[in-house]
Amino acid sequence: METDKRAVETQEKVQRFVLLAVEGDAAPIEAEKSLHELEELLETAGAVSVGRIIQKLDSPHPKTYLGTGKIAEVKEKIAETGADGVITDDELTPVQLKALTDQLGVKVVDRTLLILDIFSQRAVTKEGMMQVELAQLNYRLTRLTGLGTELSRQGAAVGTHTRGAGETKLELDRRHIRRRIDMLNRQLKDMEQQRGLLRSQRTENEIPVLALVGYTNAGKSTLFNRFTNAGVLEEDKLFATLDTTTRKILLPSGREALLTDTVGFIHKLPHQLVKAFRATLEEVVYADILLHVVDASDEKAQLNMTVTTKAMEDLGAGDKPVVTLLNKQDKAGASEMAVHVPYASEEILKISAFSDEDRHAVLEAVDRILDAQQMEISVLLPYSEGRLHDMIRRKGQILEEEFREDGIFLRVRTKKKYASMVGAFQVQA
């Protein structure tokens with residue numbers, strides 16, 4: 001019985017890590033701020049930080065990440081705190097990973113593996129799980145030697161969560177891993193094609209799509225739930241939700257729209273994840289309007305906006321109409337935060353996700369933008385242009401229709417792209 005008790009206590013022991021960072025003069029964010037975010041990520045994964053060590057270098061040491069003197073300091077910190085391992089704020093190369101592991105004698109995890117671990121815990125849908133596993137396998141393919149021993153340990157908390165085949169995956173050789181990667185890529189491609197068909201149906205039905213985007217933990221899921229009653233997980237943690245969710249909502253004008261809650265972004269988001277989740281994130285590319293949610297109470301709000309904007313540009317959604325939502329105005333000091341919006345925004349609204357009035361204002365802004373994307377025209381379509389007549393009836397709101405001797409007169413409100421398709425037959429009302 002006593003043995004069982006000790007086993008439970010060992011299993012429940014919270015892992016402790018020392019955080020490591022390299023800070024150059026051209027760093028986009030101060031190392032201390034970046035390590036604060038890394039600490040939040042660590043807590044999200046279920047572990048804690050017991051110290052921080054930062055080295056001033058133009059770039060990480062190519063072989064050991066830190067210099068010799070700093071590595072000695074890290075050893076002392078590990079001995080002093082009883083840390084289980086270290087976590088670096090940058091992605092380690094296989095050479096750096098092996099050298100640090102050999103010299104420190106403890107678990108070595110980098111920022112990328114930590115985020116992959118969190119994503120593995122958070123993925124719920126089959127597609128999300130497959131995307132995470134694909135990212136993990138691509139990451140581990142070049143690091144089999146350095147990761148093999150640590151990652152084969154059952155029950156370790158950070159840097160060991162896997163999907164699919166579980167721990168046995170780590171014992172596969174490169175050939176088997178590549179085979180698994182190929183299979184996952186094929187299955188995800190099929191899912192992407194299915195999503196494309198659904199997207200085509202939405203386009204055909206002319207239902208506008210709104211996408212909530214923003215830095216992780218900015219309040220997207222809270223807003224999504226208040227708009228849709230969807231019951232998506234809300235937590236004050238990074239990456240509380242991972243899988244993309246879409247629900248139908250009703251705008252003040254009476255229009256129906258689809259609202260999508262997307263994966264949050266983060267400083268130094270691993271390229272493996274951006275690549276793996278690209279198909280899901282491309283939902284943003286096909287959205288009609290982006291609702292950029294910003295935590296206005298966060299002192300890093302300016303940087304967070306830049307990170308999200310860069311991600312949108314990389315995905316090919318940089319030209320989308322954007323409504324900027326300076327969220328969490330209910331938090332102390334949020335309204336006093338000086339936030340400069342570094343991109344063209346249709347409207348900038350200060351809101352609280354919990355305010356009915358503020359949420360209604362967001363939907364009114366969406367209606368205004370959708371109205372601006374349309375125009376009213378009058379056309380006289382010859383009876384021989386039955387295809388155009390059918391198209392404009394399906395794609396527009398018919399305000400007036402008259403069957404005349406020389407054709408069908410229509411006064412219609414429709415999107416500008418459809419108006420241009422019948423522009424050759426435009427007449428005075």
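No value in this document is a laboratory result; all are computed from the given coordinates. In this text, all values refer to a predicted model and were calculated from it rather than measured experimentally. Reconstructed Cβ throughout: ideal geometry from the backbone, glycine too, with neighbour counts over all protein chains shown.
What the table shows:
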item	result
Relative exposure of 393, 404, 226, judged by other C-beta atoms within 10 Å (fewest first)	404, 393, 226
Size descriptor, Kirkwood hydrodynamic radius, that averages inverse alpha-carbon separations across the stretch 206-371, Å	15.7
Relative contact order, percent, the stretch 206-371 [alpha-carbon distance under 8 Å, six or more residues apart]	25
Segment residue 406-residue 68, extension gain: residue separation times 0.36 nm, minus the distance between their alpha carbons	112.9 nm
Neighbour-count ranking [beta-carbon atoms within 10 angstrom, fewest first] of 139, 343, 215	343, 139, 215
In sequence order, calculated HN-Hα J values of the stretch 408-419 (Karplus, 6.51, -1.76, 1.60; Hz; x Gly/Pro)	9, 8, 10, 10, 9, 10, 8, 5, 4, 5, 7, 4
³J(HN,Hα), Karplus 6.51/-1.76/1.60, whole Hz, each residue of the stretch 75-82, x for Gly, Pro	4, 5, 5, 4, 5, 5, 9, x
In nm, spacing of pseudo-spin labels at residue 253 and residue 207 (7 Å Cα→C-beta vector)	1.7
Residue-wise HN-Hα coupling along the stretch 313-325, computed from phi with Karplus coefficients 6.51, -1.76, 1.60 (Hz; x: Gly, Pro)	5, 5, 7, x, 10, x, 9, 6, x, 10, 10, 8, 10
Gain upon complete extension [residue 397, residue 299; 0.36 nm per residue less C-alpha separation]	30.7 nm
Residues 305, 183, sorted so that the one with the fewest Cβ neighbours within 10 Å comes first	183, 305
